[in-house]
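This report refers to the structure that appears directly beneath it.
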Amino acid sequence: MKSFKPQPWMLPQPVVIIGTYDKEGKPNAMNAAWAGTWDMDEIMISLSNHATTENLDATGEFTVTFATKDTLVASDFVGIVSAKKDPDKIAKTGWAIEPALNVNAPVFTNFPFTLECKVHETINRTATGYMLIGKVVGILCDEKYLAEDGKPDVEKMELITYDPVHHNYIQLGKIVGKAFSDGKVLK
């Protein structure tokens, strides 16, 4: 095996878009890759200082959606362009926006699946950022992405993952097994 120095190479990494409103109610979005589940109804996101972190401090509420093959270009754009430098950033994405049902934050309806969240806690706040713990208070899913059982169908969503090694986006693939089931053959 080849050895490498420590890198942020946790694989796969979701490509999440964080939606917030600023103090005047203008929607903003940023792309973040370092995110995951914290607890049954909580998520965590590692954030450096951005317009988004200022908005989170002001409102305490946000949405998180997951980038797809179809939203890739605009999702990458909101990660490389700051709202501080380009006030028309969201208009350039072409995303449709509506208010979230349970939080004071935007829902970008071009995405299939959205978590509605409130800031629960920030950890290790420094001059350069912090770890955000968000409490999920609602989940929205476009009905065309529901499976036969009425729950979200991840395979239909064509979600992408971030490859931190080569700086690529990769579309997630097909179902290859059944969790909490397939391993039973080894009992």
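The values are calculated or read from the model by the stated rules, or taken from the named source; none is laboratory data. These figures come from a predicted structure and were not determined experimentally. Cβ atoms come from the backbone with ideal geometry, glycine included; neighbour counts cover every protein chain shown.
Tabulated values for the structure
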| item | result |
| --- | --- |
| Members of segment 166-187 found to be under 19 Å from Ser75 (Cα atoms), assigned to a loop (DSSP other than H, G, I, E, B) and of a type in the set (A, V, I, L, M, F, W, C), listed by number | Leu172 |
| Restricting segment 110-130 to residues that are β-branched (Val, Ile, Thr) and without any contact (Cβ under 8 Å) to a residue 24 or more places away in the chain, the residue that is surrounded by the fewest Cβ atoms within 10 Å (Cβ to Cβ) | Thr126 |
| Flag for Ala127 being out of contact with any strand residue (DSSP E or B) (no Cβ under 7 Å at 6 or more places or on another chain) and under 18 Å from Gly36 (Cβ atoms) | no |
| Every residue from segment 131-155 that is over 21 Å from Leu11 (Cα atoms) and in contact (Cβ under 8 Å) with a residue 12 or more places away in the chain | Gly134, Lys135, Val136, Val137, Gly138, Ile139, Leu140, Cys141, Asp142, Lys144, Tyr145, Pro152 |
| Failed condition for Asn31, given (1) closer than 21 Å to Leu172 by Cα; (2) of a type in the set (S, T, N, Q); (3) in a loop (DSSP other than H, G, I, E, B) | (3) |
| Any pair with Cβ under 6 angstrom, 6 or more apart, that starts in segment 69-88 at a residue that is more than 24 Å from Glu158 (Cα to Cα) and ends at one that is among the small types (Gly, Ala, Ser) | Ala83/Ala51; Lys84/Ala51 |
| Contacts under 7 angstrom Cβ, first residue in segment 160-179 being under 20 Å from Ala35 (Cα atoms), partner among the basic types (Lys, Arg) and at pLDDT 95 or above, 6 or more apart | Ile160/Lys69; Gln171/Lys69 |
| Within segment 127-160, tally of residues that are closer than 20 Å to Ile43 by Cβ and of a type in the set (Ser, Thr, Tyr) | 2 |
| Test: Met44 is under 17 Å from the mean Cα position of the chain (by Cα), more than 19 Å from Ala74 (Cβ to Cβ) and part of a loop (DSSP other than H, G, I, E, B) | no |
| Selected residue (only one of Asp88, Asp41, Asp57 is more than 21 Å from Lys118 (Cβ to Cβ) and among the acidic types (Asp, Glu)) | Asp88 |
| Residues of segment 140-162 classified as out of contact with any Pro (no Cβ under 8 Å at 6 or more places or on another chain) and surrounded by 15 or more Cβ atoms within 10 Å (Cβ to Cβ), total | 5 |
| Some residue of segment 2-15 being charged (D, E, K, R) and either closer than 20 Å to Val103 by Cα or crowded, with 20+ Cβ neighbours inside 10 Å (or both) | no |
| Residue match in segment 53-70 (condition: among the hydrophobic types (A, V, I, L, M, F, W, C) and within 13 Å of Tyr162 (Cβ to Cβ)) | yes |
